[in-house]
Amino acid sequence: MALQTQAQAVVIGGGLVGCSILYHLAKMGWTDVVLLERDELTSGSTWHAAAGIHGLHDNNNISRLQYYTMQLYADLEKETGQGCGIFQPGSLYLAQTADREHQLRIQAAKARYFQVEFHELSVKEAQDLHPLVDFDGIRCIMFEPDGGNVDPSGVTHAYATGARKLGAKIHRFTPVTGTTQRPDGSWDVETPEGNIHAGVVVNAAGLWGREVAALAGLELPLIPMEHQYFVTEEIPEIAALGRRLPSVADRDGEYYLRQEGLGLLVGAYEKDGRFWAENGTPLDFGHELFPDDLERISDNVMRACARIPALESAGIKRVINGPMIWSPDSSALFGPVPELKNYFCCNGIIPGFSQSGGLGMLLAQWIVEGEPELDLFPWDMARYGDWASKSFTKARALDCYSNRFKIHFPYEEREAGRPARTRPAYERQKEMGAVFGLNYGWEHPLYYATDDAAREESYGFERQNSFAPIGEECRALRENVGILDVSNFAKYEIVGKGAGAWLDRIVANRVPAEIGRSCLTPLIGLRGGIAGDFTITKLDDEQFLMVGSGMAERYHRRFFDMVDKPDGVTMRSLTNEKAGFNVAGPKARDLLQRLINEDLSNEAFRFMRSRRMSVGGIDAVGIRVSFSGDLGWELYVDQSQQLSLFDMLLAEGKDLGARPVGSRSLLSLRIEKGYGSWGREYSPEYWPQEVGLDRLIKLDKRDFIGRDAYLAIKDNAPREKLVHFEVEATTADAVGGEPIFLPNGGAPVGRVSSGAYGHYVGKSLAMGFVKTEHAIPGAEFEVAVLGKPHKARLLEQPAFDPEGVRLRG
Ligand SMILES: Cc1cc2nc3c(=O)[nH]c(=O)nc-3n(C[C@H](O)[C@H](O)[C@H](O)COP(=O)(O)OP(=O)(O)OC[C@H]3O[C@@H](n4cnc5c(N)ncnc54)[C@H](O)[C@@H]3O)c2cc1C
């Protein structure tokens, strides 16, 4: 078949994922699409995978996509006639520790919310299902009836067949050797067989994702690693059983295990992981495997043998040691490349067989409809910037690989690869006991340890050693004054004639017309949801400062680039060159007035006003806003002045009780005040009227991003409402993601978006979404904290200062 010269889209890579994308594009009506594969289909990681599938994930949206994928395989078989080799004998999840039990119970509660099967079994029931397992020492067993495995080649070919039936074309043995963008944003995709001029390019090149990206001048934070599993000879007990055994997820044992033929398949993510092809995947690498090295996974295998004694005497039939390619957090690098128009990535996929359908569907939605229906920031490639260096990627990938089955606790911060980037106050903050977290590459203080015990944060599902110091910080800010480092907020400068008019076409609120005024504004997504929230300040004629979510800086670039700037208007990120502190609390004014000559009284400097000023000789922009919900100012200064300002604020405020406050405390403070945060309460999935931001949308503006989409949904009744809860919790607080049920084991009606102990108000609090008909003040619910029902009452208004007396006083 000769290569066509034009296509709507070219997908590069015929592995599991590329074929799924092609299929889903065709399903959505893009049938003039082509997949180019340098070899046979499945020639990367796909052909040698163990191909286990499962549904539940810590992230609710990823769970949704995994369930979609698992169901899709059966439909694909019917649709295409191509067998997918589906076995779904179920999966047994075993907990050996209290933490693992909490984790499984949380998952079971989420399954109830999703109305999927994941339930507890007695040992007797589990033994009946899997007579080969020794359940000694297991404290909790859960069963996922849909768990199982598929045939890697069958599934890939089913996607390919389905796509071809819909008109898509697949060219094997056609390597892509170049991708060149034309001035109109379309692409020339080069191959030895000729070029294709494509509207859209998709990099689904798996193991060669880096090499294909490089053809477009792009560097992806990916690194391949070896991974091994082995398959045993026939095991007589299995042969005698005459049915398929469920797979076993003994995560505390750090191996995975399932039936293969009449034997068992055992795989492991060993502590001593091995990188491969660090500097580039060889272009001639084909269907090769690496030499066996079972010694490396012997500890894991010994634990598997202790759990399944029949394994010990089984002979080994074959060993698979093959490469898979990892991102720094083991999640996909997914979505449009912000800097390259019409170029999409879908790389670094680890559990490809659980996720291929969801990845394909959402990428196709993104390409065809401009935005996927689910918020997928955890997968969005824009969560990494160029700070994610090779050494960072390598350190994080190894950490992810070797801790693949470790429990990931709420708020856990991994040390590997850090610090990636720091600001001048870092060392001082460290001396003061700061425990740091990673935010878009920056080290930022989470809280300040008050004793040695809390210097190393402990992790768990219940309250940890950071609870007390966070409490002290919250009270100090609410009673006196706290100094929060907000340097990692994204900051942008927009200047030039027409800057205000251009910004007005980006965001939904009216951009301030008067110098010295600020506004809060949502950015509306292409489906009418909340794509961002910003504070915009007019600093001067045609000069604006915009502050937004730090982790979403690259994500938001996609939106800023949607509207052409008039000649002479520029937008520049100041995130790296400016630092900031939020000075907040009832004594914030007293403290700042000692350093600032201008009158800071409420009459002279009102809420949402701003000014350029000198803070003790340091040039700053001061904005009267505070995410803590208290009286406060954000001060932005040159990065080089950060340490001087920090020292000055602390020294000057000593007698006022000023102290540094970390972002974990800010979380508690903003939940007390009921402020939403991007990525939690604000996301493209939620309509403005559901989260209370519709009042900030100015429809009399003729033109801004998402206006038409918002108009289309504006009069729809909210599906859910963002509400506040007080939770009856004593040892653990909600953290986000917990399902919300009606009382007495009733129906699922919502989920928590953020939760924390409100240290100042003395209550365990949560924010979350419930179906609109249940959003009634005083209504009682059950929130599944630790997977167990905890009584919760819907609050009429936020727990702290609902009238804004403090904020505006
Ligand atoms: C030992 C092992 C066990 C695994 N077990 C499981 C498991 O149990 N469950 C699970 O879900 N996942 C498992 N995986 C992971 C799974 O294999 C991957 O998630 C999945 O295969 C990724 O598919 P892909 O399509 O992204 O990449 P790949 O399979 O690597 O496909 C990329 C394709 O792109 C092609 N290509 C590259 N460059 C070009 C070019 N320039 N032009 C044209 N084509 C190009 C390649 O030839 C290749 O066919 C396992 C992996 C390994 C190594």
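The values are calculated or read from the model by the stated rules, or taken from the named source; none is laboratory data. Computed from a predicted model, the values in this text were never measured in an experiment. Virtual Cβ from ideal backbone geometry, glycine too; neighbours counted across all protein chains shown. Keep in mind that these areas ignore ligands, DNA and RNA; they rest on the heavy atoms of the full protein, side chains included. Shrake-Rupley method; radii C 1.70, N 1.55, O 1.52, S 1.80 Å.
Under 16 Å of direct C-alpha separation, and excluding same-chain neighbours fewer than eight residues apart, Lys673 reaches these lysines: Lys763.
Heavy-atom surface analysis with a 1.4 Å probe gives the range 379-426 a carbon and sulfur content of 50 percent of its accessible area. Model label sites at Asp134 and Ala98, defined 7 Å from Cα along the beta-carbon direction, differ in position by 2.6 nm.
Take 686-698, 288-300 and order them by the average number of nearby Cβ atoms within 10 Å per residue, most first; the result is 686-698, 288-300. The distance from the alpha carbon centre of the range 326-376 to that of the range 753-809 is 34 Å, rounded to a whole number. Measuring from centroid to centroid over Cα atoms, what is the spacing of the range 127-175 and the range 475-496 in Å? Using only Cα atoms to place each centre, the spacing works out to 48 Å.
Dipole size in debye (nearest 20) for the chain around its Cα centre, Lys and Arg Cβ +1, Asp and Glu Cβ -1?
Numbers: 87 positive and 110 negative charges, 334 e Å.
Magnitude of the dipole: close to 1600 debye.
Of the residues Met648, Tyr686, Val661, the one whose Cα sits farthest towards the positive end of the charge dipole of the range 648-691 is Met648 (charges of +1 on Lys and Arg Cβ, -1 on Asp and Glu Cβ, taken about the Cα centre). What the chain shows is 37 Å² of accessible area per residue, with the surface traced by a 1.4 Å probe over protein heavy atoms.
Summary of packing: across the peptides 557-569, 200-212, the per-residue average of other C-beta atoms within 10 Å ranks them, highest first, as 200-212, 557-569.
Grab the beta carbon distance between Ala779 and Lys124, set R0 = 41 Å, and tell me the FRET efficiency rounded to 0.05. Taking R0 as 41 Å, the efficiency between Ala779 and Lys124 is 0.55. Here the range 135-167 is scanned for amide nitrogen atoms under 15 Å from the site 7 Å beyond the Cα of Glu40 along Cα-to-Cβ, giving 152-158.
Normalising the average separation of contacting C-alpha pairs (under 8 angstrom, six or more residues apart) by the number of residues puts the relative contact order of the chain at 12 percent.
Label positions at Asp694 and Asn602, each projected 7 Å from the Cα along the C-beta direction, are separated by 3.1 nm.
Which of the lysines could a cross-linker span from Lys788 if the Cα-Cα distance has to be under 17 Å and same-chain partners fewer than 8 positions apart are dropped? Qualifying lysines at Cα under 17 Å: Lys110. A crude spin-label estimate for the pair Ala712 and Thr422, with each label 7 Å from Cα along the Cβ direction, gives 4.9 nm. Extension gain, Lys406-Asp567: 0.36 nm per intervening residue step, less the Cα-Cα distance, totals 52.7 nm.
Met551 exposes around 70 Å² of accessible area when a 1.4 Å probe is run over every protein chain in place. Gain on full extension, evaluated as 0.36 nm per residue between Lys791 and Lys78 minus their Cα-Cα distance, stands at 252.1 nm. Annotation: peptides 356-368, 107-119, ranked by per-residue average of other Cβ atoms within 10 Å with the highest first, follow the order 356-368, 107-119.
Kirkwood radius for the chain, taken over all pairs of different Cα atoms as the inverse mean of 1/r, rounds to 28.1 Å. For the set Lys169, Lys124, Lys654, Lys491, solvent exposure ranked by accessible area (probe 1.4 Å, protein chains only) runs largest to smallest as Lys654, Lys124, Lys169, Lys491. With contacts taken as Cα pairs under 8 Å and at least 6 residues apart, the range 639-733 reaches a relative contact order of 22 percent.
Placing a label point 7 Å from the Cα of Ala239 along the Cα-to-Cβ direction, the residues of the range 248-266 whose backbone N falls under 18 Å from that point are 259-265. The charge dipole of the range 85-207, taken about its Cα centre with unit charges on the Cβ atoms of Lys, Arg (+1), Asp and Glu (-1) only, comes to about 400 debye. Taking a straight Cα-Cα cut-off under 27 Å and skipping sequence neighbours fewer than 8 places away in the same chain, the lysines within cross-link reach of Lys578 are Lys390, Lys430, Lys491, Lys497, Lys538, Lys565, Lys587, Lys654. Measuring between their Cα centroids, the range 609-677 and the range 507-561 lie 21 Å from each other.
Pairs of Cα atoms nearer than 8 Å and 6+ residues apart set the relative contact order; for the range 109-210 it is 14 percent.
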